[in-house]
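Engineer: Structure below; questions to follow.
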Amino acid sequence: MSNTTPAKTAEIPSNKSSVATTSLDQTISIRVSPNAYFIALFLATFLASFLVYLEKDFFALTLLAAGWIILPLLAWTDRITFDGRRIARTGFLSGFWAWLNSTKYRIKISDIEQVESQALRALKRGGNVFYRYRTTLQGKGLKFTLASGGEDYRRMIHKVLPLLSENTLDNRSIELRDYLAEPKETLMKASFAKIPSADVLESSLNEFQNPVRSLRAHHYAGKEVETVEKADYLRQLANELRLSGYLLQALETFRRALLLNSQDAWLIFDFARCLNSFAGSEKSEKLRRTSIAALRLAEKRGQNDGELLARIGESYFQYGDWRRAAVVFKKAFEETQTNFRCVRGLAEIALREGKIAYVIQHFAAANRLAETPALRRWTQKETDYFSLLNADEDYMEMEISRVNLLENLENAKKTCLKIAFIGFPLIILGLITDELTTNIGWAVSCIALTVWVGLLLSLNLLSARVPMNFADED
């Protein structure tokens with residue numbers, strides 16, 4: 001049975017292909033990340049406690065009841081929906097805000113300009129890391145953030161992302177589109193493939209310390225008729241394990257796939273990204289260097305594959321190696337002459353280096369290569385913005401001041417929150433000792449939280465760029 005399992009399961013369609021048969025008429029939805037509501041609930045509870053301290057019990061009880069009844073209800077009904085054509089945000093607050101601004105909080109799927117995903121390590125247990133994913137879809141000045149946490153997120157990802165141009169998605173969004181699966185099903189598939197548990201694999205961690213040498217030493221491709229198919233199936237399974245947080249099992253699955261087909265550059269690329277994720281969770285510099293070496297090997301094996309080189313360049317950029325990323329982007333563009341991702345990557349590198357003229361040049365080239373109206377609109381907007389920065393010193397000075405102020409406000413916000421938390425122990429200590437300590441604690445916490453809320457609102461206002469016609473109007 002174990003010999004036939006890989007061949008049979010290899011015929012199972014991937015997430016991407018299965019979505020193609022899904023009806024677009026079925027509306028799906030996901031709850032908006034409740035972080036903002038948690039902040040509001042925390043502030044309402046704190047203020048109610050302060051009113052109790054001031055002996056304003058009626059107002060305190062009213063505020064506390066309103067906060068703990070209304071805010072959870074608003075959070076529960078605040079959802080992002082997709083009907084196959086448009087993404088919209090529903091709920092009382094979003095509807096009220098849209099009415100107040102005379103706008104509609106929805107966007108056509110064809111108008112999405114960028115999709116970026118972040119992976120946050122929520123919990124680490126042995127060789128397993130439990131990730132929380134946040135996927136942001138942007139277009140026409142609107143932003144929708146999808147937060148993982150259940151089947152709704154997976155359904156939304158599988159329904160929306162395959163409908164978008166791949167050049168709209170970043171590396172991690174592409175991986176989520178292709179490999180995000182239900183963790184229990186993924187573990188079941190790993191069990192059928194006889195992949196050991198993380199507890200067993202922890203003792204064999206040294207096998208991943210120098211995988212590049214083993215990749216050069218072993219090459220079994222072609223040994224059996226079904227070798228490549230088995231390697232492809234193992235690659236799919238390994239990526240599903242990686243995105244589900246089962247990193248040690250993912251590495252073991254990649255190792256087995258590489259033994260079957262060590263010349264596959266895409267397989268080595270995926271393995272390198274998995275190893276880098278594991279190095280980050282283990283805080284191991286040695287493993288991080290090993291992952292970069294594997295990435296270099298994938299670059300060498302895939303030197304004639306422009307699409308792969310573009311993805312490798314994005315990985316270098318993500319890992320902070322801008323110089324190597326620029327080299328790979330240029331190599332990929334020379335290979336294809338039509339690679340949008342490479343030109344966009346070169347623009348982002350030039351921006352980090354402060355070379356505005358090159359940023360304009362690369363975004364203009366990306367605009368010519370963009371295959372969708374949304375990408376053409378976004379690249380044209382970036383070209384106009386950086387052209388104005390380069391031509392108008394007053395506008396550049398305003399934007400530099402805005403960015404510097406944002407950074408200062410962000411640091412000040414963190415400091416205020418720390419000061420507010422310092423006041424809480426003083427409040428508790430004062431209840432035991434003397435009233436003066438309690439007064440000091442309340443004063444410190446109230447002032448710090450008031451400033452923190454003000455900074456939070458200021459950050460939201462300053463996050464948008466200065467309008468390009470602002471200098472002319474002035």
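The values are calculated or read from the model by the stated rules, or taken from the named source; none is laboratory data. Bear in mind the structure is a predicted one, so any value in this text is a computation, not a measurement. Using ideal geometry, Cβ is built from the backbone for each residue, glycine included, and neighbour counts are taken over all protein chains shown.
Here is a yes/no grid of residues against (1) free of Cβ contacts under 8 Å to residues at least 24 places away in the same chain; (2) within 22 Å of M188 (Cα to Cα); (3) assigned to a helix (DSSP H, G or I); (4) hydrophobic (A, V, I, L, M, F, W, C):
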position	(1), (2), (3), (4)
N239	no, yes, yes, no
L243	no, yes, yes, yes
A250	no, yes, yes, yes
R255	no, yes, yes, no
L259	no, no, yes, yes
F271	no, yes, yes, yes
L275	no, no, yes, yes
F278	no, yes, yes, yes
A294	no, no, yes, yes
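Engineer: May I pose another question? Here's a check for you: in region 53-99, which residue that is part of a helix (DSSP H, G or I) and touching a strand residue (DSSP E or B) at 6+ places or on another chain (Cβ under 8 Å) is farthest from T438 (Cα to Cα)?
Structural biologist: T77
Engineer: Is it the case, given these coordinates, that Q118 is closer than 17 Å to S33 by Cα and either touching a strand residue (DSSP E or B) at 6+ places or on another chain (Cβ under 7 Å) or touching a residue at least 40 places away in the same chain (Cβ under 8 Å) (or both)?
Structural biologist: Against the criterion (closer than 17 Å to S33 by Cα and either touching a strand residue (DSSP E or B) at 6+ places or on another chain (Cβ under 7 Å) or touching a residue at least 40 places away in the same chain (Cβ under 8 Å) (or both)), Q118 qualifies.
Engineer: Under the condition of being closer than 17 Å to Y153 by Cα and free of Cβ contacts under 8 Å to residues at least 40 places away in the same chain, which residue from region 33-88 is surrounded by the fewest Cβ atoms within 10 Å (Cβ to Cβ)?
Structural biologist: N35
Engineer: Out of L346, L417, report the one residue that is without any contact (Cβ under 8 Å) to a residue 40 or more places away in the chain, assigned to a helix (DSSP H, G or I) and touching a His at 6+ places or on another chain (Cβ under 7 Å).
Structural biologist: Criteria check complete, one pass: L346.
Engineer: Criterion first (out of contact with any Leu (no Cβ under 9 Å at 6 or more places or on another chain), in a helix (DSSP H, G or I) and not small (G, A, S)) does E397 satisfy it?
Structural biologist: Working: out of contact with any Leu (no Cβ under 9 Å at 6 or more places or on another chain): yes; in a helix (DSSP H, G or I): yes; not small (G, A, S): yes.
When the stated conditions are applied, E397 passes them.
Engineer: Could you tell me which of the residues K189, K184, K230 is at pLDDT 80 or above and within 18 Å of V129 (Cα to Cα)?
Structural biologist: K184 is the lone residue from the list that is at pLDDT 80 or above and within 18 Å of V129 (Cα to Cα).
Engineer: Oh, and also: Answer with yes or no whether A464 is at pLDDT 90 or above, among the small types (G, A, S) and not assigned by TED's automatic domain parsing to the domain that holds E382.
Structural biologist: Values: at pLDDT 90 or above: no; among the small types (G, A, S): yes; not assigned by TED's automatic domain parsing to the domain that holds E382: yes.
No, not satisfied.
Engineer: When you check G141 against the structure, is it over 30 Å from A366 (Cβ atoms), modelled with pLDDT under 90 and not charged (D, E, K, R), yes or no? Show your work before the answer.
Structural biologist: Working: over 30 Å from A366 (Cβ atoms): no; modelled with pLDDT under 90: yes; not charged (D, E, K, R): yes.
No, not satisfied.
Engineer: If Y385 satisfies all but one of (1) outside the structural domain of C446 (by TED's automatic domain parsing); (2) touching a residue at least 40 places away in the same chain (Cβ under 8 Å); (3) touching a Leu at 6+ places or on another chain (Cβ under 9 Å), what's the number of the condition it fails?
Structural biologist: (3)
One line per residue, one yes/no per condition, for (1) on the phi > 0 side of the Ramachandran plot; (2) in contact with a Cys (Cβ under 8 Å, 6 or more places away or on another chain); (3) modelled with pLDDT of 80 or more:
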| residue | (1), (2), (3) |
| --- | --- |
| D199 | no, no, no |
| Q209 | no, no, no |
| V212 | no, no, no |
| L215 | no, no, no |
| G222 | yes, no, no |
| E226 | no, no, no |
| G245 | yes, no, yes |
| L251 | no, yes, yes |
| L267 | no, no, yes |
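Engineer: Pick from F144, F130, F92: which is aromatic (F, W, Y) and surrounded by 15 or more Cβ atoms within 10 Å (Cβ to Cβ)?
Structural biologist: F144
Engineer: Which members of region 295-334 meet the condition of being surrounded by fewer than 19 Cβ atoms within 10 Å (Cβ to Cβ) and within 23 Å of T372 (Cβ to Cβ)?
Structural biologist: Across region 295-334, the qualifying residue is only E307.
Engineer: Against the condition surrounded by 14 or more Cβ atoms within 10 Å (Cβ to Cβ) and within 31 Å of the chain's Cα centre (by Cα), how does W442 come out, does it pass?
Structural biologist: No.
Engineer: Now, a different point. I need the full set of residues from region 420-439 which are surrounded by fewer than 16 Cβ atoms within 10 Å (Cβ to Cβ) and assigned to a helix (DSSP H, G or I), in order please. Walk me through it before giving the result.
Structural biologist: So in region 420-439, the residues surrounded by fewer than 16 Cβ atoms within 10 Å (Cβ to Cβ) come out as 421-422, 424-425, 428-429, 431-436, 439.
Within region 420-439, F421, I422, F424, P425, I428, L429, L431, I432, E435, L436, N439 meet the criteria.
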